[in-house]
Structures are given as C-alpha cells and as structure tokens.
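The values are calculated or read from the model by the stated rules, or taken from the named source; none is laboratory data. None of the values given here were measured: they were computed from a predicted structure. With ideal geometry, Cβ positions are generated from the backbone for all residues, glycine too; neighbour counts draw on all protein chains shown.
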C-alpha cells in the first residue's frame with residue numbers, strides 16, 4: 001500500500017485594521033510575499049478598544065491561530081482618554097495582539113529611507129516618503145492605480161528599514177518612550193513585535209517572481 005504523506009497546514013495569521021488604505025497595503029504585502037496563510041480584515045471601529053474587541057471576535061469566529069489589531073493612532077485622535085497601556089493589557093486579556101504607530105504607519109514607511117526624528121507629524125513623514133514616491137497619497141485609490149507596486153518597492157529597502165528600526169527602538173528603550181511605535185518593539189516586555197511575529201508565522205516572503213520590479 002502506498003504511504004501517504006500529509007503536510008502540516010500553515011498556521012493562520014490575521015491582520016485587522018479600520019483603515020481601507022492600510023488593509024489594501026497589507027493585501028499588497030500578502031500578494032507580493034506570497035503569504036498564503038495571511039488574512040486581512042477591515043472593520044469599522046470608533047475606538048482602539050473596539051478594534052481590539054472586533055479582532056478577538058474575528059479570531060474566535062474563524063478559529064485563526066494568531067490575530068493582530070493594527071492601528072495608526074492618528075485614526076483615533078478624537079478618542080478621549082486613550083490609554084495605550086490599558087489597550088495592550090486588554091488585547092492580552094482577549095488573547096490578541098495590538099500593533100500601533102504614532103502618528104501613523106507612515107513612520108514605518110519612512111524608515112525604509114531614513115531614520116525619522118521623534119514626534120514627526122504625518123505631514124513630515126509624507127514629505128520623506130514623497131522623495132521616493134512623488135505622487136504618494138495613502139488612499140485606496142492611489143494604491144489601486146499609481147501605487148500598485150508601493151509595497152514591493154518598499155521591500156527593496158528592507159535592509160535600510162531594519163537598520164533604522166534597530167536604531168529607533170534602541171533610542172525608544174533608552175528613553176523609556178515606547179509610545180510611538182509598537183510595530184517593531186514588543187511591549188509590554190516579552191511580547192512579540194508585529195513584524196517579527198509576521199515573519200515567524202508567514203516566513204520571510206518569496207519575491208523571486210517580482211525580482212525585475214525590485215531591481
């Protein structure tokens with residue numbers, strides 16, 4: 001009798017965000033890196049706490065192995081009494097994870113080209129990004145037309161982003177200010193970072209078929 005080999009299925013990794021543009025960016029990432037086990041969900045969330053609750057609901061309903069609520073804090077600028085430590089604790093209690101950037105995911109984008117100063121505004125960060133992408137406009141419309149290769153072209157600068165990431169995190173830890181970005185540094189101590197966890201669950205990515213675009 002022929003022996004059958006069963007390959008263990010990859011664990012599922014869900015990314016939940018309220019931003020239509022962020023959702024599309026992560027869809028680009030999924031496609032470019034061939035992350036078959038990555039699921040991207042967009043939800044309506046008035047508060048960061050609501051985003052965390054909905055992330056838990058999505059995880060439980062679909063039995064996902066891992067679920068991250070991803071937030072640009074500028075999207076919650078009107079939320080009164082926003083307490084990041086309390087939100088991180090709430091995420092842990094609900095067995096999901098929270099990744100945030102302050103003011104926004106623009107901080108992560110800009111790190112692919114330079115080491116941003118602390119407390120940069122979205123306008124400052126957009127100016128950095130537009131030096132490489134002159135028409136940069138982080139909307140679904142731009143990503144669907146002029147920005148279809150946005151993630152892939154960022155990926156070309158992954159080494160620079162990693163170097164700037166380490167410098168930014170080292171300075172944040174030294175000053176004790178972890179309020180700006182939790183995409184990279186795990187907080188509270190011992191928690192995984194979003195980017196490291198993504199790589200652990202989905203791999204480093206396969207861009208061989210897009211090599212011409214990267215080059």
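Quick notes on this structure:
- Number of positions in region 126-142 that are touching a helix residue (DSSP H, G or I) at 6+ places or on another chain (Cβ under 8 Å) and closer than 30 Å to residue 175 by Cα: 3
- Qualifying positions in region 93-110 - in a loop (DSSP other than H, G, I, E, B) and either without any contact (Cβ under 8 Å) to a residue 12 or more places away in the chain or under 13 Å from the mean Cα position of the chain (by Cα) (or both): 102, 104, 105
- Yes/no for residue 35 being under 23 Å from residue 145 (Cβ atoms) and touching a residue at least 24 places away in the same chain (Cβ under 8 Å): no
- Of the listed requirements (1) buried (at least 19 other Cβ atoms within 10 Å of the Cβ); (2) in contact with a helix residue (DSSP H, G or I) (Cβ under 8 Å, 6 or more places away or on another chain), residue 37 misses just one: (1).
- Looking only at residues in region 143-164 that are touching a residue at least 60 places away in the same chain (Cβ under 8 Å) and assigned to a helix (DSSP H, G or I), the one that is farthest from residue 119 (Cα to Cα) is 144.
- Region 205-215, subset surrounded by 13 or more Cβ atoms within 10 Å (Cβ to Cβ) and in a helix (DSSP H, G or I), residue modelled with the highest pLDDT: 210
- Residues within region 165-204 that are farther than 26 Å from residue 77 by Cα, at pLDDT 70 or above and assigned to a helix (DSSP H, G or I), tallied: 10
- The single condition among (1) without any contact (Cβ under 8 Å) to a residue 12 or more places away in the chain; (2) more than 30 Å from residue 133 (Cβ to Cβ); (3) in a helix (DSSP H, G or I) that residue 53 does not meet is (1).
- Taking the criterion of being in contact with a helix residue (DSSP H, G or I) (Cβ under 8 Å, 6 or more places away or on another chain), more than 13 Å from residue 32 (Cβ to Cβ) and surrounded by 17 or more Cβ atoms within 10 Å (Cβ to Cβ), the only residue of region 143-164 that qualifies is 161.
- Among the numbered conditions (1) farther than 13 Å from residue 105 by Cα; (2) part of a loop (DSSP other than H, G, I, E, B); (3) at pLDDT 95 or above, the only one that residue 138 does not meet is (1).
One line per residue, one yes/no per condition, for (1) in a helix (DSSP H, G or I); (2) out of contact with any helix residue (DSSP H, G or I) (no Cβ under 9 Å at 6 or more places or on another chain); (3) without any contact (Cβ under 8 Å) to a residue 24 or more places away in the chain:
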| residue | (1), (2), (3) |
| --- | --- |
| 69 | no, no, no |
| 79 | no, no, no |
| 91 | yes, no, no |
| 114 | no, no, no |
| 124 | yes, no, yes |
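- Within this structure, residue 96 passes the test of being in contact with a strand residue (DSSP E or B) (Cβ under 6 Å, 6 or more places away or on another chain) and either crowded, with 22+ Cβ neighbours inside 10 Å or over 30 Å from residue 164 (Cα atoms) (or both).
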